[in-house]
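Report on the structure given below.
Bear in mind that the values in this text are calculations on the coordinates, not laboratory data. Keep in mind that what you see is a predicted model, and the values were worked out from it rather than measured. Neighbour counts are summed over all protein chains in view; Cβ atoms, including those assigned to glycine, are modelled from backbone coordinates with ideal geometry.
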Amino acid sequence: MKSASQPRQDKAKLLLPTKAHLLKQGRGVNALEVMHHEYALWMGDVEAFLKALPFEPMFDMIVTSPPYNIGKEYETRVGLQKYLDWQERIINELIPRLKKGGSICWQVGNFVDDNQIFPLDIEFAPIFKKHQLQLRNRIVWQFGHGLHAQRRFSGRYEVVLWYTKTQSKGDPYTFNLNDVRVPAKYPGKKRYKGPNVGQFSGNPLGKNPEDVWSIPNVKSNHVEKTLHPCQFPVGLIERLLLALTNVGDLVFEPFAGVASAGVACAIHSRRFWGCELNEEYAEVGRQRIQSAIEGGAIYRPYDKPLYDHTRSKLSQPPEGFKNGGHS
């Protein structure tokens, strides 16, 4: 497997079929065809696709970064309420098909109108609340690059809403914390009082990664960059996948794009179905999943250390430029 760092494949590798399928409506082919495949992309409208599936729980996890309604080439910008109504119709089809104890991760940014921002996580929260899901985390995804605003501070984060299909404190759900722990800041720290005084206070496997994640977004020089203008990084999905699903689980992506979620699933032996309207994106997505199935995924793992920009000569301010607030 080619990777931005040392490649990894799950030890408990399933004996899954070795082909990613791209399906579209045609003679003898309908949405139910995906149920015969472990890795499948359906080229078509997600709302129609979901209505064609059995009205029963089947997904272990739903993860997506839906269109933000900001006028990208793959979307038609509409009024905020019309956009939310459309998204709610899709969520209404998704939740009944999510298994009890399963997770839904909805990654969103801001809707911008006349230089005023509307955080979409705030707009989506009442929709999910109607379904009595439990919000486990509002994860802040922080990244270092993006557009430079002129009349407000430049946006450098987006949000992942993680809900579980549970209703009470005692309801079980998947959360594999040990699979995503990160190195502790002070692993040598010891307890200074109590019955365990003198013993190391931290977990030897590392610490909880917390709810602010610094993972680079996919810009022009990113190892994962394809033709998609607003691509989901595999690493962001990878951490969610490892923590919230188990080997062999079925993950669904309603707005698959170039199938970054499918790539993460193939790397870590989860099954994957996705929907995508754009034929070019869907074909690139199929190719990426196939490469991952064959062990050739090109991606940046979620736990690769961030690049230290001070190592670059470009970080040195030319004469006349400000440095740290001082000219």
When the Cα centres of segment 129-148 and segment 220-254 are compared, how far apart do they sit, in Å?
15
Would you compute, from DSSP H runs of 4+ residues alone, the mean residue ellipticity of the chain at 222 nm, taking -39500 (n - 2.57) per run and dividing by the full residue count, rounded to the nearest 500?
-6000 deg cm²/dmol
I need PHE49, PHE128 ordered by Cβ neighbour count within 10 Å, fewest first.
PHE128, PHE49
Ordering 108-121, 180-193 by per-residue average of other C-beta atoms within 10 angstrom, highest first, gives 108-121, 180-193
Kindly put ASP308, ASP171 in sequence by how many other C-beta atoms sit within 10 Å of each C-beta, fewest to most.
ASP308, ASP171
At R0 = 22 Å, FRET efficiency that the Cβ-Cβ distance of SER315 and TYR186 yields, to 0.05:
0.20
How far apart, in nm, are the 7 Å Cα→Cβ label points at ASP211 and THR174?
2.2
Scalar couplings 3J(HN,Hα) for segment 193-204 by Karplus 6.51 cos²θ - 1.76 cosθ + 1.60 (θ = phi - 60°), nearest whole Hz, x for Gly and Pro, are 7, x, x, 9, 3, x, 8, 4, 8, x, 7, x
Over 31 Å between C-alpha atoms is what I'm after, so list which of LYS189/LYS304; LYS19/LYS225; LYS165/LYS207; LYS51/LYS129; LYS51/LYS219; LYS99/LYS225 land there.
LYS51/LYS219; LYS99/LYS225
What does the C-alpha gyration tensor say about the overall shape of segment 194-327? Classify as rounded when a/c is under 1.5, otherwise prolate if a/b is larger than b/c, or oblate.
oblate
State, as an integer percentage, the relative contact order of segment 115-162 based on alpha-carbon contacts under 8 Å between residues 6 or more apart.
40
What's the ranking of 259-269, 287-297 by average number of surrounding C-beta atoms within 10 Å, highest first?
259-269, 287-297
Relative exposure of TRP106, TRP86, TRP141, judged by other C-beta atoms within 10 Å (fewest first)
TRP86, TRP141, TRP106
Sequence gap at least 6, Cα distance under 8 Å: using those rules, report the relative contact order of segment 108-192 to the nearest whole percent.
26
Amide H partners (placed H, <5 Å) of ASP249, local residues excluded
ARG271
[x] 79, 59, 58; [y] 69, 42, 38; [z] 66, 57, 41, with the label sought being that of the calculated Cα extents along the principal axes in Å
[z]
In whole Å, what is the distance between the alpha-carbon centres of segment 14-60 and segment 255-281?
12
Per-residue HN-Hα couplings for segment 157-165 [Karplus 6.51, -1.76, 1.60; θ = phi - 60°; Hz; x = Gly/Pro]:
8, 9, 10, 10, 8, 10, 10, 10, 7
Inter-probe distance in nm under a simple model that places probes 7 Å from Cα toward Cβ, at LYS100 and VAL29
3.7
Would you kindly state how much longer the chain becomes between HIS222 and GLN287 on full extension, computed as 0.36 nm times their sequence separation minus their alpha carbon distance, in nm to one decimal?
21.6 nm
Relative contact order of segment 21-315 (C-alpha contacts under 8 Å, at least 6 apart) in percent is 21
